[in-house]
Each structure stands twice: as structure tokens, then as C-alpha cells.
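The structure appears below as C-alpha cells.
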Amino acid sequence: MEFIPYALPLIEDEEIKAVIDTLHSNWLSKGPKTVEFEKQFKEYVQSEHALGLNSCTAGLHIAQLAAGIGQGDEVITTPYTFVASANTIIHTGATPVFVDIDPVTMNIDPKKIEEKITEKTKAIIPVHFAGYPCDMDPIMELAKKHNLIVIEDAAHAVYTKYKGKMIGSIGDFTCFSFYATKNLVTGEGGMVTTHNEEWADKMRVMSLHGMSKAAWNRYSDKGTWYYEVEYPGFKYNMTDMQAALGLVQLSKLESMQKRREEIAQKYNEAFSQIDGLTIPFSNEENVHAWHLYVLRLKENGFTIDRAQFIEELKEKKVGTSVHFIPVPMQPYYKQLGYKVEDYPNALAAFNGAISLPLYPKMTDEQVNHVIAAVSELAQTFKK
């Protein structure tokens, strides 16, 4: 058995042809493919507006700016996320306020949010960890009660549904990632959705140097050389090469998700029978996108720690990752005074988390090899 990488994109002939066709079209940056991808994506997630960007991070940044978040404000989010969720708050001049996670779902705990709300709080950024949705009803109720903006970090949540509603249609803004490891890939790339036309227009201007919103097509026969800069904006736009990939990937998303679900179900059936392991939470009420399969080692469940477990899996040719190192553990945030001990559930989740390979390109043989490797280690090192 060759080494099984932690993640690989599923890029087939259709995606390659789409990119080549785009190269022949001479539209390399933002153009008609990006506009079409935005249209199809907003229809898929049932949102009024969608803006293609170069990353989910860009979406989180300009969503906060469009909502008027800035110096002196506070934004609530989870400590158990990739640093981009918090970094973008810093970039606006606001202050991140962390709320610990639910130890079962590993998402932000809605019951703990209200105690962190102050007169400076302007927004909540819930992160749909691993593809399982946050409990959005109480979050939206809190937001309404305190007049807060909800900006969903849906980097893991393309395809996720909460109580029958598509993620992308619930919060004030929703930010998606199409990075190379994600469920829908464009290499680099992202999308931000909103139902609010004013915010959508603001973000469109911000995303392309602050130029007037139609300036992207100024080199076409329908464009004009004249543009006006309305805001000191950013270079955050998506390209047509990325959008070409995205359109094909979107058309295949259902079949790719079916394969992810099959693999996750096989993992669940195998690992739920092993003492010392906790499988990811899921239920029938919501649709899990299975972006990640985060297996957790129970505390004191084995004679080796998580780091050694990972090394042993590597020896057995199984690639893994860890999601996530809590943000307060990072040096920059430690120097700001954040302490991971203040978020015990996030720390406990981190200490036991191992993300196993889970992607449509995996063969049954590879899936069975991962199961066998984990099972053997669990038996060898059980207490």
C-alpha cells in the first residue's frame, strides 16, 4: 500500500477541459465564468447574492467591513477554528471574543454566547466545524435580541444543511472556502453570500480595489475605460480560471458528497465499536458535509498520546492532520493575553483530535487500510 495522503482534490478531465477552454477564451481574471459561478452558487445555497473571491478569508474580512465593524468593536467567535476566523476580526480593528465549544458537536456553544455580549459587541462569527452546522436558531435569536450581525464561517460547510435550510441562506453573511482540500475546489478561492443588496454592492466594490462595481469588465466591448474608486479596497476577486473549476465541481458536488458520506459511514461503523475512540457527532436533523472526519482519542484511553498515535499511523502509510490548534494557543494571541485554559472544551478537543483521510478520490482499498491501521493501533496501545 502506497502512502495515503490526508487530502487530495478530485480533478478529472472535465475540470481540465474547462480550464483550458477558459485559457483559450482570453478571460484569465474575473470575467463571465466568475459571474456565472456566482449565479449558480447563489441559486444552489438559496441566497439572493453571491460574490466570488480569492478566499474565504477575504469574505470574512469584507463582510465585517460591509457591516460597519471596526475599531473599538468586539466580535464573538470560537477558539476552535483556523486562525483566519480571528485574524480577520483583528484586520478590521475590532477585538475577537472567544466562546468555548460544545464538547459534543465541537461548534461554538450557543448557551455560552450571551454572557460574553457587551455594549461593544457587533457581530457573531459561528464556524461550522468539519461540515456539521452550528445550532443557528438560538444564535440568530441572540443576534436579533442584541442587534448583532451574524457572519457564518462556512469554510467547511459547502453542502451543509441546518434543519432543512442550506448553509448560505441563514445568517446575514456566509463565507465559503474552495481551497484545494475543500469539498468543492478551485485551487484557491471563496464565496460570500448575503440576502442584503446594499451589503452585496459594498463588498463587490471593496473586493476590486474599491472601484465602481461594474469596473471588472472595463476591457470588454461592453465595458468602459472610466472607473471611480469609491473605497480604499482590496485585490480579493476570483478569477475565471478558478470559476471554471468551480462550475464543474458544483455540477459534481452531489456525487462527490455521496462518496464522502459512504466513507464517513464506514469509519463510523468501525470506530464506534472501539473503546477509547469518539466518532464525530451527526444526526438526521441536519446534513453533515463531512469536510473532515475528526476522530478523537479519549483522555487516558491509550498508552500513547495523540502525537505518537499520528506517528504510528504515518508508519502505516496513513496521512493525517489536526483540526485545530485553538487560536489562543498561537503566539500572537497569547501575547494579546488570551489563555487556552479559559476554553477547556476546545483544549480537550484539540488534545484528542486526529483528522483521517476523507475525500471522494479514496478507493475502498484505501478506506479499508485506514480502518485497519487505526483499529490495530487501538488494540495494540489500549489501556
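The values are calculated or read from the model by the stated rules, or taken from the named source; none is laboratory data. Computed from a prediction, not measured in an experiment: that's the story for all the values here. Note that we place each Cβ from the backbone using ideal geometry, even for glycine, and neighbour counts take in every protein chain shown.
The set of residues in the stretch 105-137 that are under 13 Å from residue 150 (Cα atoms) and either in the same structural domain as residue 260 (by TED's automatic domain parsing) or basic (Lys, Arg) (or both) contains only 122.
It is to be established whether one or more residues within the stretch 48-55 are in the same structural domain as residue 203 (by TED's automatic domain parsing), touching a residue at least 12 places away in the same chain (Cβ under 8 Å) and over 23 Å from residue 253 (Cα atoms).
Kept after step one, since they are in the same structural domain as residue 203 (by TED's automatic domain parsing), are these residues of the stretch 48-55: 48-55.
Imposing the further condition that a residue be touching a residue at least 12 places away in the same chain (Cβ under 8 Å) reduces the set to 48-55.
Pick out the ones that are also over 23 Å from residue 253 (Cα atoms) and you get none.
The answer is no, given that none of the residues of the stretch 48-55 is in the same structural domain as residue 203 (by TED's automatic domain parsing), touching a residue at least 12 places away in the same chain (Cβ under 8 Å) and over 23 Å from residue 253 (Cα atoms).
So which residues in the stretch 14-39 are touching a helix residue (DSSP H, G or I) at 6+ places or on another chain (Cβ under 6 Å) and at pLDDT 95 or above? Hits for the stretch 14-39 are 14, 15, 18, 19, 22, 33, 34, 37.
Out of the stretch 273-292, which residues are surrounded by fewer than 15 Cβ atoms within 10 Å (Cβ to Cβ) and either part of a strand (DSSP E or B) or in contact with a strand residue (DSSP E or B) (Cβ under 9 Å, 6 or more places away or on another chain) (or both)?
Passing the criteria: 275, 285.
Helices (runs of 4 or more DSSP H) fully within the stretch 1-108 that include at least 3 residues being in contact with a Pro (Cβ under 9 Å, 6 or more places away or on another chain) and surrounded by fewer than 22 Cβ atoms within 10 Å (Cβ to Cβ): none found.
Residues checked against (1) over 28 Å from residue 250 (Cα atoms); (2) in contact with a Phe, Trp or Tyr (Cβ under 6 Å, 6 or more places away or on another chain):
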| position | (1), (2) |
| --- | --- |
| 44 | no, no |
| 59 | no, no |
| 76 | yes, no |
| 87 | yes, no |
| 92 | yes, no |
| 102 | yes, no |
| 105 | no, yes |
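Of the residues in the stretch 122-137, at least one is closer than 25 Å to residue 355 by Cβ, modelled with pLDDT of 95 or more, more than 12 Å from the chain's Cα centre (by Cα) and assigned to a helix (DSSP H, G or I). Look at (1) in contact (Cβ under 8 Å) with a residue 60 or more places away in the chain; (2) closer than 24 Å to residue 233 by Cβ; (3) under 19 Å from the mean Cα position of the chain (by Cα) and you find that residue 156 fails only one, number (2).
Only one of the numbered conditions (1) part of a helix (DSSP H, G or I); (2) surrounded by fewer than 20 Cβ atoms within 10 Å (Cβ to Cβ) is not met by residue 346, and that is (2). Going through (1) in a helix (DSSP H, G or I); (2) more than 24 Å from residue 164 (Cα to Cα) one by one, residue 142 falls short only on (2). A count restricted to the stretch 314-338 and to residues that are under 23 Å from the mean Cα position of the chain (by Cα) and assigned to a helix (DSSP H, G or I) stands at 6.
All told, residue 181 falls short of being closer than 18 Å to residue 236 by Cβ, among the hydroxyl-bearing types (Ser, Thr, Tyr), in the same structural domain as residue 69 (by TED's automatic domain parsing) and touching a residue at least 40 places away in the same chain (Cβ under 8 Å).
Looking across the stretch 48-70, the residues that are among the β-branched types (Val, Ile, Thr) and over 22 Å from residue 241 (Cα atoms) come down to 62, 69. Sort through 355, 375 and tell me the only one that's small (Gly, Ala, Ser) and within 25 Å of residue 253 (Cβ to Cβ). The conditions single out 355. Taking the stretch 298-313 as the range and being without any contact (Cβ under 8 Å) to a residue 60 or more places away in the chain and either under 23 Å from the mean Cα position of the chain (by Cα) or in a loop (DSSP other than H, G, I, E, B) (or both) as the test, the residues that pass are 298, 299, 305. Contact annotation: no residue pair with Cβ atoms under 8 Å, 6 or more positions apart or on different chains, pairs a residue in the stretch 281-297 that is more than 16 Å from residue 320 (Cβ to Cβ) with a partner that is modelled with pLDDT under 95.
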